[in-house]
Amino acid sequence: MPEPDITSWTMLNAYVDGELTPEVAAKVAAALVADREAAAQVATLTRLRAAVRVEEPREQAPPFVLPRVRPRPLRRSAMAAAALVLVCIGALVIGLMNTQSPKPPLSDAIAAHRLWLSQPTQQQAQRADVALAGADLGNLPDLTLASLTLSHLALDLSGRAGGILAGYVGPNGCRVGLWIAPVDDALPTQPTIRDRDGLTIRAWRGRKASYALLGEGIDTARIDGIAALVARITGGEHSIPNDQVAALAEARSGRPACIG
């Protein structure tokens, strides 16, 4: 005799009324897990029985409990595929990070100096005000030995750590910028040539800050002398050797003025 349809209307009625044997009721409960339509029918029949039943209910049908399914362990192939996906994602992230290459060294200093060169020369009264404000910082060197007067001060926050550009002007209008920023271990401890983008640059690091001296069209002997002077002053030396003072004077008088 063929086995009756386990989710037929008759079988579901008997399931709700509790007329099935425990073995058959268990089969119906298992079938309801995969058959949503049959499960909805059981829910409807249950509500109808509860609404019209006036007598004491007979033995209740076994509770409808979803069978517990043990999670299957991942196969080695699935684990390998998941690991490969993670590796690909990591490589993609690293690739995106590498596409954002860091700015070349001294880019912030060059940008700040170019911005200053694009501005008109300030009046003497303005220079005095700026010099007074700069004196409060306590880290701007006096370059009168090089015939340079502080006339510009700008705080640049475009970089990761920021920096300060102190602008000095010579008697013939030559402008020399001194960039002061946090210590950069990649720089040498003595002024070194770092010419870039049409600017003459000398850069180095001190104990508390890094420095870059920038000028446009300035004679190399003069900027070397100014850089050596700044390195001594920022290094804490209070007296400048006479030979260095003489070299500054010679470079100032025997060389053409810069165009910056």
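The values are calculated or read from the model by the stated rules, or taken from the named source; none is laboratory data. None of the values given here were measured: they were computed from a predicted structure. As a convention, Cβ positions derive from the backbone with ideal geometry for all residues, glycine included, and neighbour counts pool all protein chains shown.
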Pairs returned, first residue in segment 3-32 that is within 22 Å of Leu48 (Cα to Cα) and touching a residue at least 40 places away in the same chain (Cβ under 8 Å), second residue that is polar (S, T, N, Q) and surrounded by fewer than 14 Cβ atoms within 10 Å (Cβ to Cβ), beta-carbon separation under 9 angstrom, 6 or more apart or interchain, are Gly18/Gln60
Inspect all residues belonging to segment 202-220 and state whether any of them is assigned by TED's automatic domain parsing to the domain that holds Leu115, β-branched (Val, Ile, Thr) and in a strand (DSSP E or B).
no
Go through the residues of segment 133-140 one by one and say whether even a single one is buried (at least 17 other Cβ atoms within 10 Å of the Cβ), closer than 19 Å to Ser210 by Cα and at pLDDT below 50.
yes
Filter segment 171-192 for residues that are in a strand (DSSP E or B) and either closer than 12 Å to Leu106 by Cβ or in contact with a helix residue (DSSP H, G or I) (Cβ under 8 Å, 6 or more places away or on another chain) (or both) and give the result.
Arg175, Val176, Gly177, Leu178, Trp179, Ala181, Thr192
Only one residue in Ala82, Ala39 is over 30 Å from Arg194 (Cα atoms) and at pLDDT below 60, so which one is that?
Ala82
Flag if Ala209 is surrounded by fewer than 23 Cβ atoms within 10 Å (Cβ to Cβ) and either modelled with pLDDT under 90 or among the hydroxyl-bearing types (Ser, Thr, Tyr) (or both):
no
In segment 165-206, how many are within 20 Å of Trp116 (Cβ to Cβ) and buried (at least 19 other Cβ atoms within 10 Å of the Cβ)?
20
Exactly one condition in (1) hydrophobic (A, V, I, L, M, F, W, C); (2) within 26 Å of the chain's Cα centre (by Cα); (3) modelled with pLDDT of 90 or more; (4) more than 25 Å from Arg207 (Cβ to Cβ) is false for Leu96; which is it?
(3)
Condition first: modelled with pLDDT under 90, within 21 Å of Gly173 (Cβ to Cβ), crowded, with 16+ Cβ neighbours inside 10 Å and out of contact with any His (no Cβ under 9 Å at 6 or more places or on another chain). Now tell me which residues in segment 230-260 satisfy that.
Leu248, Ala251, Arg252, Cys258
